[in-house]
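The values are calculated or read from the model by the stated rules, or taken from the named source; none is laboratory data. Treat the numbers as computed from the prediction; the structure is a model and nothing was measured. Every residue, glycine as well, gets a Cβ built from its backbone with ideal geometry; the counts of neighbours run over all protein chains shown. What goes into the accessible areas is simple: the full protein's heavy atoms, side chains included, and nothing from ligands, DNA or RNA. Shrake-Rupley method; radii C 1.70, N 1.55, O 1.52, S 1.80 Å.
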Amino acid sequence: MSTAVPGQALYQWRQWAIQLAKKSNIDLGEVDWFLQGLSQLTGLSLQLGDYQNQPGVLLSVPLRELTERWQRRIDQNVPVQYLVGETPWRNFLLTVTPDVLIPRPETELMIDIAAELVANRPNAKQEHVGNWADLGTGSGAIALGLAYTLPNARVHAVDISDAAVKIARLNAEKHSLAHRITFFQGSWLSPLGHLQGQLTGIVSNPPYIPSQLVLTLQPEVANHEPHLALDGGLDGLSCIRHLISEGATYLQPGGLWLTELMMGQATTVADLLSQQGAYTDVTIHQDLSGIDRFVSARKAL
Ligand code: GLN
């Protein structure tokens, strides 16, 4: 559904939204991000204002609804991605709702790390056709990234939240990857019992924020994103500990274990992997800001 508004009215609306953003210390870039998501205008056009004299600019919601949503951005700190209903991530435009964590730019790198770790293997071909799991898939971002980047792999996407599984499936359908990914509602590896000892790779961005820190995160995150996807227990590592111990049972020999984590957790997780006894090649990887953000390991042969 779309509705047309005079360019001049939208131009004035944008000025109003920018003023509100300024007063509330919200990054002004979000205004155009919001408008690009809900209109047919490009970022350049919005900046140049060249739509001003168009008799009708197409919006996906009426101007009144645009105003209400922007007001929620300002008054309630609702993330702009939830207000638009979509976020770009790698080469995908993913549907997001408050049932799923908004996929972060730093997580994009995990797909490249997985692909690189596969490319360097003597048995790279087998890993390309193997069974990969994305545990706690949320919006499905990692599952889609794996399916796209490893075009012959079978991807299994698991989430405890039924609502998240629905969004992930929708995103796979939107990007014509649904035939490559199997979706499961359940806790971590438990729906994948039939693949014990057979997984080629386990990739996860699990909840890893220590419980007492969750409410101290910026209000956009703390008040609107699902705590189920953020809260990693007392020290933030309870899900990661579970993935380390279960991964040892579910991975095939040589299988790849890869997780995202938060600044300050990498060496602890690397030690936990080494102590577990079933893993080798424990490696810490940085994100693009140079923060230790991912840890990988291989199930010993
Ligand atoms: N990276 C997210 C954040 O900054 C946390 C995601 C997670 O817990 N996996 O809030």
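The table for this structure:
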{"read-out": "Kirkwood-based Rg to Rh ratio, the stretch 165-301, C-alpha trace", "value": "0.98"}
{"read-out": "For peptides 84-97, 160-173, 115-128, sequence by mean Cβ density within 10 Å, most packed first", "value": "160-173, 84-97, 115-128"}
{"read-out": "Residue among GLY186, GLY37, GLY29 with the largest mean-square fluctuation in a Gaussian network model of the chain, springs linking Cα atoms under 10 Å", "value": "GLY29"}
{"read-out": "Relative frequency of Cα-Cα separations exceeding 24 Å in the stretch 44-158, percent", "value": "45"}
{"read-out": "Mean Cα-pair separation over length for the chain, i.e. relative contact order, pairs under 8 Å, 6 or more apart, %", "value": "13"}
{"read-out": "For the stretch 1-127, size of Cβ-based charge dipole, Lys and Arg +1, Asp and Glu -1, in debye", "value": "220"}
{"read-out": "Within a Gaussian network of the chain (alpha carbon springs, distance under 10 Å), most fluctuating of ASP159, ASP99, ASP287", "value": "ASP287"}
{"read-out": "Acute angle (nearest 10 degrees) that the helix 162-174 long axis makes with the longest principal axis of the chain, alpha-carbon atoms", "value": "80"}
{"read-out": "Neighbourhood net charge (10 Å Cβ-Cβ; Lys/Arg +1, Asp/Glu -1) for TYR148", "value": "+2"}
{"read-out": "Calculated Rg and Dmax of the stretch 18-57 using C-alpha coordinates, Å", "value": "11.0, 32"}
{"read-out": "Equivalent ellipsoid semi-axes, the chain, via Cα gyration tensor eigenvalues times 5, rooted, Å", "value": "39, 21, 16"}
{"read-out": "Whole-Å distance, taken between Cα centres, linking the stretch 16-42 and the stretch 244-301", "value": "40"}
{"read-out": "Listed residue (CYS239, LEU35, THR283) projecting farthest to the positive dipole end of the chain, Cβ model", "value": "LEU35"}
{"read-out": "Cβ-placed point charges (K, R +1; D, E -1), dipole of the chain about Cα centre in debye, nearest 20", "value": "480"}
{"read-out": "Dimensions (Å) - the stretch 66-132, Cα atoms, principal axes, largest first", "value": "56, 18, 17"}
{"read-out": "C-alpha long axis of helix 7-23 to longest principal axis of the chain, angle in °", "value": "60"}
{"read-out": "Accessible area of the chain belonging to carbon and sulfur atoms, whole % at 1.4 Å probe", "value": "52"}
{"read-out": "Angle between the chain longest axis and helix 238-250 axis [Cα atoms, degrees, rounded to 10]", "value": "50"}
{"read-out": "Rg in Å to one decimal, and Dmax rounded to a whole Å, for the stretch 1-92 via C-alpha atoms", "value": "12.6, 35"}
{"read-out": "Among 256-263, 214-221, the order from most to least packed when residues are scored by Cβ within 10 Å on average", "value": "256-263, 214-221"}
